[in-house]
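Input: a single structure, listed below in C-alpha cells.
Rule-based calculations on the coordinates, nothing more; no lab input. All values derive from a computational prediction rather than experimental measurement. Cβ atoms come from the backbone with ideal geometry, glycine included; neighbour counts cover every protein chain shown.
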Amino acid sequence: MFHSRARAINQAQANLLRHCSNPIQAQQPYHTFRPNKPKTKPRRERLHRDTTKLRRPIPFVSDVKEVEDPEEGLSLFYEYHQMGFKHDYPSYSALLYKLARSRNFEAVETILGHVRDRNIHCKDTLFIALIQHYGKANLVEKAIELFNQMPSFNCVRTLQAFNALLNVLVDSGRFVEADEIFGRCSKMGFRPNSISYNIMMKGWLQKGDGEEACKVFDEMLEKKVQPSVVTYNSLIGFFGRKGELEKANGLLEDMKQKGKYPNAVTYALLMKGFCMLGKHDEAKKMMFDMEYRGCKPRLLNYGVLISDLGRRGKIDEAKSLLQEMKKRLFKPDVVLYNILINFLCKEGRAAEAYKVLIEMQVGGCVPNAATYRMMVDGFCQIEDFEGGLKVLIAMLTSRHCPRLETFECLVTGLVKCGKIDDACVVLEEMEKRNMQFCFEAWEALVVDACGENVVAGEVVTELISVH
C-alpha cells in the first residue's frame, strides 16, 4: 500500500513538472559541419586577391576546429578518409588536440596508433600538449609512457617535453619521482634550464621546504643558469606568505642587482606579505610606489588590497578603492568584481552585491559561473528566494550551472514562500541536468510542503527507497 502511494506521489510530481511553465528558453540544437558544406570566412574576403603565396587551409583541419563535439570530429576524420582524403600530421594533431581537451583518451590512443602505423613525422609540441592533458586528468603513468615512446613516433625527446613531464610529476604530488628523473637529466641528454629549476623549486616550496628550494636556486647560479623573474617570484611569494619579509625584500634587491626587473606579480606577492602581517597601509604604499620604480600597477595589485579590506570587514573601503581604480582609468575585471561580490554576500548584503553585478555588466564585464553562484547563494542566505531565482535564470541562460546545494536551498525556500510554480521551474532544470536531491533536502521539502508530522518522514523514506 505504501509503495503504491509513493508511486502515486512520483507520478503526480512528474505530471506537475510537465505542466509547469519554464521561462528559460531551451538551447538551440547544435548544427554540425560536414565536408561538403561550403564555408565562408569574412576575413578571407578582405584579403588581397593575390593569395598564391599564402598557405591554403587544409579542409579537414578547418572543419574539425569548427565542431564542438569531439565525437563528431572523430566521425569527420573517418568520413574524410572514406572520401579519399589523405590525412597527414596537421590532421592528426588537430584531432588529437580536440580529443585530449575532452579527455577522450581512449580515442587519443587509437589515433596515436594510426600515427605510428603510418609512420607520420610528429612535432614535439603535440606530445607536450598530450603529456599536459594526461597530467590534468591525473593519468601520470600515461604521461610517463608517452614521453618514453616519443622516439617511436619519429619525434626526438626535447628538453621542453622533459620539463612538461617534470611539471606533471610535481603537480601530481609525485615529487620523489620528479627529483629522481631531474637527477638523471644529463644522462638523458638534457641540460636543465631555468624552467627545469623553477619546477623543482616549486616542488620543494609545495612541500614547505624553503631551505631545499634555496639550494636549488644556488645550484642554478653554480651551473651558470640565469634565474628568471619567475624564479625570484616563487621564493619571494614563499617567504612573504611565511611573514619573512626581510628575506623577501632581500631577494627583491638581489634580482635588481642581477638586472632582473620586478613585475606586478613580484610586488603583489610582497603586498600580500604585508597584508598578512596586518600592515595594509605599507602594502598600499608599496603599490603606489611601484610606478616610481618603473613598474605600473596591475589589476592583481588592486586585488590584493581589496581582498585584504574584505577579509577585515572593511567592505565600504573596498568599494571606494574600486571607484578609485576607475578614476585612475583601470577597468576592473571579473576577478575583482567577484572579490567584492563575495564579501558583500558573506556580510548578508546581497542587494548591494546585486547592484555591483549590474554595474559590472553595464561596464562591459561579463559575469562568470562564480559570480552567479555567489549571488544565488547570497540571496538564499538572506531568504530572498525570488531574487535568487532571478539570478538563477540569468545564470542558466548564460550556460552556467549552480551547485546541487544551491538548487536544494532555492527549491526549499521557494516552497516555503508558497512559490510552487517557481520551485517547479527549478526542479525541472535540475531534472535536465540529472541532479537529484539528497535525503535531507527531500525531507525539508516535504516538511515545508506538508507541515511537520510523522507521515512526512515516512513519505521521504518511501520516496528515497523507490528512487
- Note on the structure: Diffing the range 149-161: the Karplus 3J(HN,Hα) column from phi (6.51, -1.76, 1.60, θ = phi - 60°), in whole Hz with x for Gly and Pro, holds 8, 3, x, 6, 9, 6, 9, 6, 5, 10, 4, 4, 5
- Between D333 and E253, what is the FRET efficiency for a Förster distance of 35 Å, r being their Cβ-Cβ separation, to the nearest 0.05? 0.65
- When the scattering of the range 99-245 is computed by the Debye formula from its Cα atoms alone, each counted once and equally, what is log10 I(q)/I(0) at q = 0.20 Å⁻¹? -1.19
- Return the sequence-ordered ³J(HN,Hα) values of the range 187-201 in whole Hz as given by the Karplus equation 6.51 cos²θ - 1.76 cosθ + 1.60 applied to θ = phi - 60°, using x for Gly and Pro. 5, 8, x, 10, 10, x, 10, 4, 5, 4, 5, 4, 5, 5, 5
- Enumerate by residue number the trypsin sites (Lys or Arg not before Pro) in the range 198-230 meeting two conditions: DSSP loop (anything except H, G, I, E, B), and at most 15 other Cβ atoms within 10 Å of the site's Cβ. K207, K223, K224
- Task: Considering the options H280, N263, Y354, tell which one lies farthest towards the positive end of the dipole of the range 220-377, charges being +1 on Lys and Arg and -1 on Asp and Glu at the Cβ, about the Cα centre.
- Result: N263
- Rg/Rg_ref, the range 203-345, where Rg_ref = 2.2 N^0.38 Å and atoms are Cα: 1.13
- Query: What pairs from K123/K207; K136/K223; K123/K187; K207/K260 go past 30 Å between their alpha carbons?
  - Reply: K123/K207; K136/K223
- Message: Output wanted: per-residue J couplings in Hz (rounded whole) for the range 169-178, from phi through Karplus 6.51 cos²θ - 1.76 cosθ + 1.60, θ = phi - 60°, x for Gly and Pro.
- Response: 5, 5, 5, 8, x, 9, 5, 4, 5, 4
- Task: Please state the charge dipole magnitude for the range 72-114, taken about the Cα centre, from unit charges on C-beta atoms (+1 on K and R, -1 on D and E), reported in debye and rounded to the nearest 20.
- Result: 140 debye
- Query: Using modelled amide H (1.01 Å from N, peptide plane; none on Pro or chain starts), what sits under 5 Å from the amide H of D88, excluding residues fewer than 5 places away?
  - Reply: none
- Task: List the trypsin sites (Lys or Arg not before Pro) within the range 283-341 that fall in a DSSP loop (any state other than H, G, I, E or B) and whose Cβ has at most 12 other Cβ atoms within 10 Å.
- Result: R328
